[in-house]
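The structure under discussion appears below in the form of structure tokens.
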Amino acid sequence: MTHVFVYGTLKRGQRAAERLVGQHFLGPAQTGPGLVLYELDGYPGLVREPGVANGVSGEVWLVDAASLRDLDAYEGVAEGLYRRESIILATPGLPETAEAYVYNRSLAGRRRIGSIWPAAC
Ligand code: PCA
């Protein structure tokens with residue numbers, strides 16, 4: 001079983017949430033500093049940016065191995081769209097680290113949206 005931090009389309013109520021049905025929701029979560037979100041094509045990308053003070057908001061799930069493979073496929077890990085990495089969480093009562101999908105392609109022309117997706121208008 002693996003702890004996964006989700007911050008975009010996999011969150012409850014978002015369009016890919018059904019992929020986590022049957023997995024275990026641990027709660028809303030905030031990452032540690034040094035992470036920020038960019039708007040991509042209707043979905044966000046998590047990026048490491050040293051010096052960013054705020055964390056990113058999302059959810060932590062405990063997923064089984066089959067679900068993790070499904071998530072990796074959905075996130076395009078094999079194609080290099082995202083890479084799955086351990087990130088630091090800063091939420092009492094949750095694990096101190098979790099796996100998350102870090103955006104792995106160019107940010108040229110992408111809008112930086114900060115700590116939460118979807119961004120307020
Ligand atoms: N889905 C993954 C990564 C970005 C996205 O839209 C997530 O919700 O964490």
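The values are calculated or read from the model by the stated rules, or taken from the named source; none is laboratory data. Bear in mind that the values here come from a model prediction, so they are computed numbers and not experimental data. A quick note on method: Cβ atoms are made from the backbone with ideal geometry, for glycine too, and the neighbour counts reach across all protein chains shown. Areas reflect the complete protein model, heavy atoms only, side chains present, ligands, DNA and RNA absent. Shrake-Rupley method; radii C 1.70, N 1.55, O 1.52, S 1.80 Å.
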**OP:** Would you pull out the residues with amide H under 5 Å of Val56's amide H, same chain only if 5 or more places away, H placed 1.01 Å from N?
**Re:** Thr31
Original post:
Based on the Cβ-Cβ distance of Val21 and Arg83, what FRET efficiency does E = 1/(1 + (r/R0)^6) give at R0 = 22 Å, to the nearest 0.05?
Top reply: 0.30
Original post:
Going by a ≥ b ≥ c, the root eigenvalues of the Cα gyration tensor, does segment 34-113 fall in the rounded group (a/c under 1.5), the prolate group (a/b larger than b/c) or the oblate group?
Top reply: oblate
**OP:** Subtracting the Cα-Cα distance from 0.36 nm times the residue separation, let me have the gained length for Ala120 to Asn54 in nm, one decimal.
**Re:** 22.1 nm
Original post:
Roughly what would the spin-label model give for Ala90 and Arg12, points 7 Å off Cα along C-beta, in nm?
Top reply: 2.4 nm
Original post:
Percent of accessible area on the chain owned by carbon and sulfur, 1.4 Å probe?
Top reply: 54 percent
Original post:
Which distance in nm do the two modelled labels at Leu68 and Glu39 give, with both placed 7 Å along the Cα-to-Cβ direction?
Top reply: 3.4 nm
Original post:
Looking at the square roots a ≥ b ≥ c of the eigenvalues of the Cα gyration tensor of segment 1-60, which shape do they give, rounded for a/c under 1.5, prolate if a/b is larger than b/c, or oblate?
Top reply: oblate
Original post:
Any idea what the relative contact order of the chain is, in percent, if you count C-alpha pairs under 8 Å spaced at least 6 apart?
Top reply: 34 percent
**OP:** For segment 50-104, report the accessible area per residue in Å² (1.4 Å probe, heavy atoms, rounded to an integer).
**Re:** 48 Å²
Subject >> Within a Gaussian network of the chain (alpha carbon springs, distance under 10 Å), most fluctuating of Ala17, Ala73, Ala108 >> reply: Ala108
Subject >> Charge dipole (segment 26-112, unit charges on Cβ, about Cα centre) - positive-most of Gly58, Tyr38, Ala73 >> reply: Tyr38
Original post:
How about segment 54-121: which GluC sites (Glu not before Pro) there are in a DSSP loop, with at most 14 other Cβ atoms within 10 Å of their Cβ?
Top reply: Glu79, Glu96
Original post:
For the chain, with only Lys/Arg (+1) and Asp/Glu (-1) charged at the beta-carbon, what is the dipole magnitude about the Cα centre, in debye rounded to 20?
Top reply: 320 debye
